[in-house]
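Below: one structure, written as structure tokens.
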Amino acid sequence: MKLCAYRTILFLTALLMVLQPHPAKAGESDFAFHNHLRKLQQSAGQVGIQVLSLAPVKVIWEFRSEEPLVPASLVKVLTSYAALKYLKPQYQFRTSLYALDEPQGDTVRGHLWIKSTGDIFLLGENLKDMALRLKERGIRIVQGGVFADNSFFNPQAEQICLDERCASSYNPVVSATSIEFNTIAFTVSGGAKSGTAPQVSWFPPGDYVQVDNLARTASKKAARAGLAVRSAGMTGAGRERFRVTGKVGPRRNFEYRLNIDDPASFVARSFKEVLRREGIEVRGADAGPGTVPPGAKPLVTHESRALGDIIYGLNRYSNNFMAEMLLRSLGGLVLGPPGTVDKGVELVRKSLVGLGVPPHEVQLKSGSGLSRECRASARAFCTLLANAYADPSIEPDFISSFATNGSEGTLRRRICKPDVEVRGKTGTLRDVVGFAGYVAGCGRGPYVVTVILNDVSNIGEARRALDGFLEQVPLIAPSL
């Protein structure tokens, strides 16, 4: 829902409701807030809270709001805000296909290079569209190979590893030219008879994948037993070996999504296969990393969807890959290539200082929050959220990107009360629980709320205490 519609619903509700609970008086409100604070402190060693009204902007209640704590995925709020402010919601990323010389007739006589400025949402279907546009130009033959240029980022490829768990799917592999979030999706399908090898397919297609299929089809009673798909590392020839083990029931299908190890080879080999399937013959054997040579000309350029649309998935579903890509792209696009973490962080910090956030209240090392070195105060988030709400240049895209309670995103199964609407970003690590966003209900609000819990001993209890607090904010906030 766009913010304009969101605002309309909130304020019409306030006008039309006949039976409204009486707002708490100042003393009652303070007592209620402290009661919720005690519940939050039972599951967290460190707590930072701030609650603001928006009309006028005023602190309703706070507790250690200036203390920098580990914010986990709440960092995505800071990254997306800075990107919208510097790049604007209408910005589109560009991915181009280059050749050193103009095609001769139906033939590209040399190599092809594909290079992106860090498109955070480049998919296999976009590669297909680029191949079709080559065909529209009459190209049917590429005499050379296909190469992927990742030089817009430095380093050119990097995996984010939180708590040294690099194999975990939430730890993304980042590169400027990437497709399908630098992941590959496997489907394992059981055979018709017990004991036969299951069929293994993957998307996007191409010979980047080399499969060791050690799995077997099990009896009809077993859906799967120990079935797994794991990377066994690079082969040394630009391909990655994946090992399939375990058992799967007859005609049963199971899907697995894994990060890839070599983004440049993955993109180049995948695009080479797309070209083949679209009727363009690539005669060169080479496919892998390569830098676009000076003087090369773009044959085809793909422009992404608008940034304002793309961040819908970044915040609502807390996509780590998109956030890390966006931080680096932001740095490279605004401060000049290559895009780096330091350049992106510099711009995020600059945007916060411009809002009046004290520099010592925010320390960033990533764009997604996948770092325990990140620190930010509850006050920093509330300051940003209040300013975003009042900024018509980014307001609709920024706030509509957030998850909605009982509906979509990371809040879809939380706070399922019909008279409370919550739109915001959640954050979770094994010992961190947080929320930053907007809360309204019972004809009151919206309020800006940030809660950061560190040293959490029980994630479930902390979330329940947090949700209980958010539910009650419209009721316990005093009238102004």
What is the residue count in the stretch 408-441 for residues that are farther than 17 Å from residue 48 by Cα, assigned to a loop (DSSP other than H, G, I, E, B) and touching a strand residue (DSSP E or B) at 6+ places or on another chain (Cβ under 9 Å)? 6
First in the stretch 122-143 and more than 20 Å from residue 313 (Cβ to Cβ) and not assigned by TED's automatic domain parsing to the domain that holds residue 329, second anywhere and of a type in the set (Phe, Trp, Tyr) and surrounded by fewer than 18 Cβ atoms within 10 Å (Cβ to Cβ), Cβ under 9 Å, 6 or more apart: none
Of the residues 264, 222, 215, 228, which single one is closer than 30 Å to residue 131 by Cβ and among the small types (Gly, Ala, Ser)? 264
Inside the stretch 274-299, can you point out the residues that are part of a strand (DSSP E or B), aliphatic (A, V, I, L, M) and more than 31 Å from the chain's Cα centre (by Cα)? 282
Could you check how many residues of the stretch 442-480 are at positive phi and in contact with a strand residue (DSSP E or B) (Cβ under 7 Å, 6 or more places away or on another chain)? 2
Going through the stretch 235-257 one residue at a time, which ones are of a type in the set (A, V, I, L, M) and modelled with pLDDT of 95 or more? 244
Could you list all residues from the stretch 144-157 that are in contact (Cβ under 8 Å) with a residue 40 or more places away in the chain and out of contact with any Phe, Trp or Tyr (no Cβ under 9 Å at 6 or more places or on another chain)? 144, 145, 150, 151, 152, 153, 154, 156, 157
If I ask for residues that are of a type outside the set (A, V, I, L, M, F, W, C), in contact (Cβ under 8 Å) with a residue 40 or more places away in the chain and in a loop (DSSP other than H, G, I, E, B), which ones from the stretch 344-372 would you list? 358, 366, 367, 368, 369, 371, 372
Being among the acidic types (Asp, Glu), surrounded by fewer than 18 Cβ atoms within 10 Å (Cβ to Cβ) and within 14 Å of residue 183 (Cα to Cα) is the filter here; which residues of the stretch 206-260 pass it? 255
Residues (part of a loop (DSSP other than H, G, I, E, B), under 16 Å from residue 146 (Cα atoms) and of a type outside the set (Lys, Arg)) located in the stretch 103-121: 103, 110, 111
Identify all residues within the stretch 461-480 that are small (Gly, Ala, Ser), surrounded by 17 or more Cβ atoms within 10 Å (Cβ to Cβ) and modelled with pLDDT under 85; write none if there are none. 477
With respect to residue 421, determine if the residue is touching a Lys or Arg at 6+ places or on another chain (Cβ under 9 Å) and either assigned by TED's automatic domain parsing to the domain that holds residue 378 or not hydroxyl-bearing (Ser, Thr, Tyr) (or both). no
Which of the residues that make up the stretch 251-273 are at positive phi and part of a helix (DSSP H, G or I)? none
Exactly one condition in (1) modelled with pLDDT under 95; (2) polar (S, T, N, Q); (3) within 27 Å of residue 396 (Cα to Cα) is not met by residue 80; state its number. (1)
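The values are calculated or read from the model by the stated rules, or taken from the named source; none is laboratory data. Owing to the predicted nature of the structure, the values given are computational and were not obtained by experimental measurement. Neighbour counts run over all protein chains shown; Cβ positions are idealised from the backbone, glycine included.
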